[in-house]
Every structure is written in structure tokens, then in C-alpha cells.
1. Could you give the longest part of the chain that holds none of the chymotrypsin sites (Phe, Trp or Tyr not before Pro) found in DSSP loops with at most 12 neighbouring Cβ atoms within 10 Å?
2. From largest accessible area down, sort I13, I48; use a 1.4 Å probe on the protein chains.
3. Given 25 °C and 0.890 mPa s, how large is the Stokes-Einstein diffusion coefficient of the range 14-145 in µm²/s, with Rh as the Kirkwood radius over Cα pairs?
4. What helices does the chain hold that run 15 Å or longer along their axis, going by alpha-carbon atoms, with a Kyte-Doolittle average of -1.0 or more, using DSSP H for the helix calls?
5. Using a Gaussian network model of the chain with C-alpha springs under 10 Å, which one of K106, K76, K45 is most mobile by mean-square fluctuation?
6. With just the Cα atoms defining each centre, how far is the range 80-151 from the range 1-74? Give it in Å.
7. Run the helix sum for the chain: -39,500 (n - 2.57) per DSSP H stretch of 4+ residues, divided by residue count, reported at 222 nm to the nearest 500 deg cm²/dmol.
Amino acid sequence: MNYTIREVKNEDIKELLNVYIQGYRYHQEGRSDIFVNLSDEELEKDLINNLNELSTLVLIKDNKIIGYLSYKIKGKYKKKLDIDQLVIDENYRGQGLGKKLAEQAKIIAKENNCTRIELNCWLFNKNALSMYEHIGFERQRIIYEMSLDGEWIWKSSNTWNLKKSTRDRQ
């Protein structure tokens with residue numbers, strides 16, 4: 001499979017937006033309490049903000065952006081590369097392309113004297129969890145969540161539970 005990985009360019013925004021929206025909508029389906037319903041125009045502004053704050057690689061096949069990885073190098077003494085987003089176009093998933101982007105992140109991390117790469121992944125994203133473990137990432141911590149506004153929250157048992165608000169418990 002022929003593909004290219006390179007730094008994002010300003011002229012990539014419109015094409016990159018398609019993959020960005022796919023990733024956002026997927027997360028919105030999994031956690032609608034966090035990933036609120038935004039218009040494509042609002043998501044474009046969100047993408048531009050992310051591009052201004054993070055370094056981003058794009059994955060190109062047949063002159064089409066089919067994936068991206070956004071990251072930031074953090075830390076003063078023990079540096080790490082923190083992957084913020086890794087998204088592959090839904091039509092190209094399962095072909096090892098996420099691994100290719102992760103391998104490029106590993107090269108960048110080494111070039112920047114990082115000691116590790118970290119990322120977060122939602123529990124509902126089973127395919128991503130599987131891929132990350134398959135390519136060498138290990139689970140290192142668990143983040144607990146408590147809803148304070150009565151919204152539905154995702155349970156690791158793949159069910160939604162409605163938490164009653166504090167005023168409902170009184």
C-alpha cells in the first residue's frame with residue numbers, strides 16, 4: 001500500500017476536516033454527554049484551534065487525506081509525546097494505518113528525547129483499544145468519572161446509567 005505521512009499544511013484544512021468530523025461524530029455517538037452536537041462549521045473552528053495548539057501529521061493515500069495524528073511534546077526533564085488524536089477514515093480502518101501513524105510518532109518521540117508516548121482512549125472505542133494494545137501500548141492507569149449534572153454516563157460494562165443529580169438525592 002502506497003501512502004505518505006507528513007506534517008499538516010494550511011491548504012489541508014478542508015480535506016482534513018472530513019476525517020476530523022468522522023472522528024468527532026464517532027465519539028459523539030459514544031459519549032454524547034461530552035461530545036456535544038456541533039455543526040460542521042463549529043467543528044472546523046475546533047479543528048483550526050487544535051492545529052494551532054498541537055503538531056499534526058496527515059496520512060495520505062492516492063492524494064487523499066485518510067488519517068491524522070495530533071500530538072504535543074510535554075515535560076521538562078522526562079519528556080513524553082502525548083497523542084491527542086489518532087483518526088483513520090472509516091473506509092480505511094483495519095489496514096494497519098493507525099500503526100503507521102503511531103510508528104511515525106515513535107520516531108518523532110525519539111528525535112525529541114522523549115522517554116515514552118502516552119494517549120487516552122474511551123472505553124467504548126473497542127477497536128482502538130485493541131489496536132493500541134496490539135501495537136505495543138500498555139494500560140497504565142484508570143480514570144474514574146462521577147457525573148454531577150444528572151447526565152448519562154458510560155459504564156465499563158457497556159451500559160449507560162443515569163446518575164441522579166445531587167438535588168434529586170436530598
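The values are calculated or read from the model by the stated rules, or taken from the named source; none is laboratory data. Remember, it's a predicted structure, so these values are computed and weren't measured experimentally. FYI the Cβ positions are ideal-geometry reconstructions off the backbone, even for glycines, and counts take in every protein chain you see. Side chains included, ligands, DNA and RNA excluded: accessible areas come from the protein's heavy atoms. Shrake-Rupley method; radii C 1.70, N 1.55, O 1.52, S 1.80 Å.
1. Value returned for the longest uninterrupted segment is 1-76.
2. I48, I13
3. The diffusion coefficient I find is 157 µm²/s.
4. 13-30, 97-111
5. K76
6. Centre-to-centre distance over Cα atoms comes out at 15 Å.
7. It comes out at -11000 deg cm²/dmol, rounded to the nearest 500.
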